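Quick notes on the structure that follows.
The values are calculated or read from the model by the stated rules, or taken from the named source; none is laboratory data. The structure displayed is predicted, hence computed values, not measured ones. Every residue, glycine as well, gets a Cβ built from its backbone with ideal geometry; the counts of neighbours run over all protein chains shown. Ligands, DNA and RNA are excluded from the accessible area calculation, which covers all protein heavy atoms including side chains. Shrake-Rupley method; radii C 1.70, N 1.55, O 1.52, S 1.80 Å.
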Amino acid sequence: MLTLFDYPASENAWKVRQLLHHLRRPYRTVKLSIFEGEGRTEDYLRTSPTGTVPAIQLDDGRTLAESNAILFFLATDTPYLPDDAFGRAKVLQWLSFEQERVESVIGSLRYWTLTGKLEKRAPVLVEMKRSTGERTLQILDRELAQRPFLTEHGYSIADISVFAYGSHAEEAGFSLQSYPHVRAWIARVKSQPGFLATMHPYSDDPHSSGELP
Ligand SMILES: N[C@@H](CCC(=O)N[C@@H](CS)C(=O)NCC(=O)O)C(=O)O
């Protein structure tokens, strides 16, 4: 059975949980206490070179890290990824956008805000992320005005990936008031059959106010 290396409050891990749920694919979970350094053991670094979750291990022992790579692998030959080269490349376009402008911008600001670390970060860095995040939401709003989901294919892993942190932008200090198409898309994603609504706040983890190793 597939193994998922997970940390409950991780939205990167949520992406994989969400897809596995859609696919009704059974898996076992290994939870890592990332703030206590469980991601930095020699053993886990062989699974995930960066020591981050999510990562998966297949029945034959092979391992794969990076949320979007895992989505891409698990969604192959399913309705959540187109089967033509151009369609798959369009999904990759949005997965790249997600890593560059959503996860590392809105996701970081949200993480710092919810774990009390925002004040400890350099104001110039926070400001840079705020303006990039605003630009990210503008781009998404303009794109989502043109079609119901991120690609013409319909609901796909592109939506799952961008939704993970994009839908929580308000927890990172952004207002979605001026982004009606983003708000409508969030509602659309939430109404997908099998949507995984369960959230695990950072505050469930007594170690989450500490810095990552
Ligand atoms: N680009 C990676 C980022 C993964 C990531 O940063 N995961 C966080 C949890 S959301 C983590 O494991 N952090 C622990 C650490 O950095 O040591 C992905 O998309 O999977």
Mind putting a number on the dipole of the chain about its Cα centre? Charges go on the C-beta only, +1 for Lys and Arg and -1 for Asp and Glu, and I need it in Debye to the nearest 20. 380
Shape verdict for the stretch 32-84, please, from the Cα gyration tensor: rounded (a/c under 1.5), prolate (a/b greater than b/c) or oblate. prolate
Quick check for you: which residues of the stretch 67-89 have the amide N under 20 Å from the point 7 Å beyond the Cα of E100 toward its beta carbon? 67-72, 86-89
Using a Cα distance threshold of under 16 Å, what count of lysine pairs results for the chain when pairs must be 8 or more residues apart or interchain? 4
Using the basic label-point model (7 angstrom from Cα toward the beta carbon), what is the T76 to M128 distance in nanometres? 3.6
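Which of the peptides 137-147, 83-93 is most tightly packed, and how do the rest follow, judged by the mean count of other Cβ atoms within 10 Å per residue? Kindly include the intermediate steps, with their values, before the conclusion.
Values: 137-147: 15.7, 83-93: 13.6.
Top to bottom by mean Cβ count within 10 Å: 137-147, 83-93.
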Between the stretch 69-97 and the stretch 188-213, what is the C-alpha centre distance in whole Å? 24
Provide the solvent-accessible area of R135, counting protein heavy atoms only and rolling a 1.4 Å probe, rounded to the nearest 10 Å². 110
Approximate spin-label separation A145-E170, in nm, with each point projected 7 Å along Cα-to-Cβ: 2.2
Length gained when the stretch L2-D43 is fully extended (0.36 nm per residue, less Cα-Cα span): 13.0 nm
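Go ahead and estimate [θ] at 222 nm for the chain from helices alone: -39,500 (n - 2.57) per DSSP H run with n ≥ 4, summed, over the residue count, rounded to 500.
-13000 deg cm²/dmol
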